[in-house]
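Peer 1: Quick one: this structure, given as structure tokens, is what I'll be asking you about.
The values are calculated or read from the model by the stated rules, or taken from the named source; none is laboratory data. Predicted model, so just to flag it, every value in this text is computed and none were measured. Note: ideal-geometry Cβ built from the backbone for every residue, glycine included; neighbour counts use all protein chains shown.
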Amino acid sequence: MAETYRSDAVSTVRRNRIYLFAGAFPYLLAFGFLAFALFSGSIPALIPVPHLLMFGTLGLAVAYRANKDPVYQPGELEISDTEVRHAGRLLARRDELVDGVLVPNLEHPRVQVRKKGFKAPLLFGVKNEQEGHALLRALGFDVTQSVAELRGASDILRWSVAKQLLAILVPVFGLFVPAAMASVALLGPSSPPVTILLVLALVTYVFTMTFSPTKVRIGVDGVVLRWMRRERFVPFSRVKEVRKYQQTRGTKTYVGVELLLRDGGVERIVCGQAGWIKTDVDQILGRIKEAYELHKEMGSESATPNLLARGARTTEAWVTALRGIGAGANTDLRTAPVPAESLLRVVEDASASPALRVGAAVAALAGQPDAKPRIRVAATTTASPKLRIALERVADAPDDEQAIAEAIAEVEAAEAESTVL
């Protein structure tokens, strides 16, 4: 049982309800128009409803994310193995929590802890960044302990203005306008309901393209960026520098985080419009920098990777050879056994290639079955989905050589794809 964490220097942070109400006010107007249309039978009264709903959602989202003039509530924070309490009040059970990050560069740094489902995250105010890291370690969400998932703005904001216009206008004039004209021609006076549905579909499409967030998953080995079922993995082994950037497109200025790659390329994460989302940029930038610095500090054993090299062997033959290395089958008068600790260091080394880390996990379990917990921890701290699945498969089914070989093949394919990109 871990020691209970206690601190009276941590406050809970509540969003200012006045700003939340102001942001959601268009919702009230939308319900007013909807009620009027229902009772009066006036279909045209429904026309402003989609726009008001859109503006209400946008206003509420901006007020929620900006978190202007928050309310700080002091008290003692207590974190046990099962619960998180503040001033004696239960905030959450530990199994409800997903991840947490420090929001640096503020007058009062904050720690944000995400909960499962659509529940609002927990926000804590701390005296300094050291106190914030201590809080994250107590929760098991420090950069050395877990992966963090944050949200940036829509990936469409990375595109040029011309490409954005094409993405919006082509469906409008190529699909929605012809469909509306066809409904009027075919249905005549009965076409307004169909037209309203088409307008709703058009607003939904534009809203989805513009406001669907980019999910940013940050581990010690790299960053996964996912937007509308499109996913790309940027390993830190390809990254030269992490920094904040600002760029003007049209009449708006956007800010975010950019990863400068060793081959001269750039991967950008747009966080939003300048002046509105300062804390979002600091959250993502701070966590990526922490993970990147940790990645640079980590180093693998110099001799071990050479012994684990696959060479020209098939995946199945390599898995068999790895088991032999871990069990000491390669040991003779001139060849010393590979220590299990050396193998586990390769597993935990974010700078090593993904395939090599999986291979080291296979070898480590062959010689030290109780290495499973460290392999699982390595899986939870990696941002690469394929690597995480492969390490979990090694830990959960170490005797299933076919399944492990398939997982390694997927890791190698993903690694080759990221190298090409």
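Peer 1: If we keep just the residues of region 327-349 that are at pLDDT 80 or above and hydrophobic (A, V, I, L, M, F, W, C), which is surrounded by the fewest Cβ atoms within 10 Å (Cβ to Cβ)?
Peer 2: Once the filter is applied, the top-ranked residue is L344.
Peer 1: Still on this structure, please answer the following. Take the conditions on the phi > 0 side of the Ramachandran plot and either among the acidic types (D, E) or surrounded by fewer than 17 Cβ atoms within 10 Å (Cβ to Cβ) (or both) and apply them to D69. Does it pass?
Peer 2: Values: on the phi > 0 side of the Ramachandran plot: yes; either among the acidic types (D, E) or surrounded by fewer than 17 Cβ atoms within 10 Å (Cβ to Cβ) (or both): yes.
Criteria met by D69.
Peer 1: On to the next question. Could you please find all residues in region 1-23 being surrounded by 17 or more Cβ atoms within 10 Å (Cβ to Cβ) and over 14 Å from L135 (Cβ atoms)?
Peer 2: R15, Y19, G23
Peer 1: Can you tell me which of S183, S191, S154 is within 26 Å of P48 (Cβ to Cβ), in contact with a Phe, Trp or Tyr (Cβ under 8 Å, 6 or more places away or on another chain) and not aromatic (F, W, Y)?
Peer 2: On the way: S183 fails: in contact with a Phe, Trp or Tyr (Cβ under 8 Å, 6 or more places away or on another chain); S191 fails: in contact with a Phe, Trp or Tyr (Cβ under 8 Å, 6 or more places away or on another chain).
Matching residue, one of S183, S191, S154: S154.
Peer 1: Follow-up question, since we're still on this one. Against the conditions (1) exposed (fewer than 15 other Cβ atoms within 10 Å of the Cβ); (2) at pLDDT below 85; (3) touching a helix residue (DSSP H, G or I) at 6+ places or on another chain (Cβ under 9 Å); (4) not basic (K, R), where does D396 fall short? Just the number, please.
Peer 2: Every listed condition holds for D396 apart from (2).
Peer 1: May I ask you to list the residues in region 336-384 that are within 24 Å of the chain's Cα centre (by Cα) and either outside any helix (DSSP H, G or I) or of a type in the set (S, T, Y) (or both)?
Peer 2: Residues satisfying the conditions are D349, A350, S351, A352, S353, T380, T381, T382, A383, S384.
Peer 1: Counting only residues that are in contact (Cβ under 8 Å) with a residue 40 or more places away in the chain and loosely packed, with under 15 Cβ neighbours inside 10 Å, how many does region 174-202 have? Before you say what the answer is, go through the steps one by one.
Peer 2: Pass one, region 174-202, residues in contact (Cβ under 8 Å) with a residue 40 or more places away in the chain: 192-193, 196, 199-200.
Pick out the ones that are also loosely packed, with under 15 Cβ neighbours inside 10 Å and you get 193, 200.
Residues that pass the stated criteria total 2.
Peer 1: When you check R65 against the structure, is it out of contact with any strand residue (DSSP E or B) (no Cβ under 7 Å at 6 or more places or on another chain) and either part of a strand (DSSP E or B) or closer than 20 Å to I218 by Cβ (or both), yes or no?
Peer 2: Working: out of contact with any strand residue (DSSP E or B) (no Cβ under 7 Å at 6 or more places or on another chain): yes; either part of a strand (DSSP E or B) or closer than 20 Å to I218 by Cβ (or both): yes.
So R65 fits the description; yes.
Peer 1: Does region 134-152 include one or more residues that are over 30 Å from S11 (Cα atoms) and in contact with a Ser or Thr (Cβ under 6 Å, 6 or more places away or on another chain)?
Peer 2: We begin by selecting, within region 134-152, every residue over 30 Å from S11 (Cα atoms); these are none.
No: zero hits.
Peer 1: Right, something else. Return only the number of the condition from (1) surrounded by fewer than 13 Cβ atoms within 10 Å (Cβ to Cβ); (2) modelled with pLDDT of 90 or more that P44 does not satisfy.
Peer 2: For P44, the failing item is (2).
Peer 1: Output the residue which, of all residues in region 350-370 that are without any contact (Cβ under 8 Å) to a residue 40 or more places away in the chain and surrounded by fewer than 24 Cβ atoms within 10 Å (Cβ to Cβ), is farthest from V98 (Cα to Cα). First the steps, then the outcome.
Peer 2: As a first pass, look at region 350-370 and keep what is without any contact (Cβ under 8 Å) to a residue 40 or more places away in the chain: 357, 361, 364-365, 369-370.
Cutting the leftovers down to surrounded by fewer than 24 Cβ atoms within 10 Å (Cβ to Cβ) gives us 369-370.
Details: P369: 28, D370: 26 Å.
This residue is P369.
Peer 1: Against the definition (within 23 Å of the chain's Cα centre (by Cα), more than 16 Å from Q273 (Cβ to Cβ) and either in a strand (DSSP E or B) or modelled with pLDDT under 85 (or both)), how does V224 come out, yes or no? Full working, then the answer.
Peer 2: Values: within 23 Å of the chain's Cα centre (by Cα): yes; more than 16 Å from Q273 (Cβ to Cβ): yes; either in a strand (DSSP E or B) or modelled with pLDDT under 85 (or both): yes.
Judged against the criteria, V224 is a match.
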